[in-house]
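Encoded as structure tokens, the structure appears first; notes follow it.
The values are calculated or read from the model by the stated rules, or taken from the named source; none is laboratory data. Here the structure is a predicted model, which is why all the values come from computation and not from measurement. All Cβ positions, even for glycine, are placed from backbone atoms using ideal geometry, and neighbour counts span all protein chains on display.
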Amino acid sequence: MTTSPPFPAGRPHPPSARRTRRRLAIEWAQLARRRSAVDRAIEWAVTDGPPSSLDEVLVAVGAGDRSASADARLRRLLEIARDDDLAARVVVERLIPGLLTCARRRREPEAFEELLGGLWIAIRTFNPERRPSCVAVSLLADAQYHAFRRRHRQRSNDERPTEIDDRIVDDRLPHPIDELTDLLTEARRSGMDPADLELVRMLVARPSTEDIAAELDVTSRTVRNRRDRVTRQLRELALSC
């Protein structure tokens, strides 16, 4: 079984990212079959039976398996990872392909390293009760927030005149708008219905399904059903990146 996924195709990663990825791959290869690590993984009970290596745990929590059960196992591992460095390292390995994709889009030399730091914070602070599904997507969004947006927002707040309404900027938001824009661009390229993309934009600007239903002359239930369907499509697209 391959323990280190290849770099995504497209723009090459800077040398620093390649070095960091190589170091992580070597570390994982050494860690995956270490007896003490495997014994601890058995205690987590996130695989169907006792794993013989951490690679089996990695597959169980979604590396190659994007099912709802894999998502639930990742959620369980994330709860453990809050106080367990080894579990956190498995979560990091699970998210590395997504981090590489995000880093490539940033076009910044240190983006991958920044995202790794942001992911570690996200793992330690993630609240599974608030976002119980699509855990990998949520973690990637949080990693980007901690790595880039939080720093930018804090700087913007320091420079912002005091008379501006504080409700304009909410530092608690875990899903930056620019990342949603990138995802919608990818969705448009993949052939998603433009009407569905427009609905997403309407929901971002005005979350009330009742208001949108009135504007579109449909029922609120119709809007909610479309919203749920489009959300599933966008999540699947984000996971495939």
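Quick notes
- Restricting Arg94, Arg131, Arg89 to residues that are of a type outside the set (A, V, I, L, M), within 22 Å of Ser69 (Cα to Cα) and in contact with a Ser or Thr (Cβ under 6 Å, 6 or more places away or on another chain) narrows the list to Arg131.
- Tally, over segment 201-232, of residues that are modelled with pLDDT of 80 or more, crowded, with 16+ Cβ neighbours inside 10 Å and either within 19 Å of Arg131 (Cβ to Cβ) or touching a strand residue (DSSP E or B) at 6+ places or on another chain (Cβ under 6 Å) (or both): 2
- Any hit, segment 64-87, residues being among the hydroxyl-bearing types (Ser, Thr, Tyr), surrounded by fewer than 18 Cβ atoms within 10 Å (Cβ to Cβ), modelled with pLDDT of 90 or more and outside the structural domain of Gln233 (by TED's automatic domain parsing): yes
- Failed condition for Val137, given (1) in contact with a helix residue (DSSP H, G or I) (Cβ under 6 Å, 6 or more places away or on another chain); (2) of a type in the set (A, V, I, L, M); (3) within 24 Å of Leu31 (Cα to Cα): (3)
- Which listed residue, of Ser52, Ser133, is surrounded by fewer than 19 Cβ atoms within 10 Å (Cβ to Cβ), within 13 Å of the chain's Cα centre (by Cα) and of a type outside the set (Asp, Glu): Ser133
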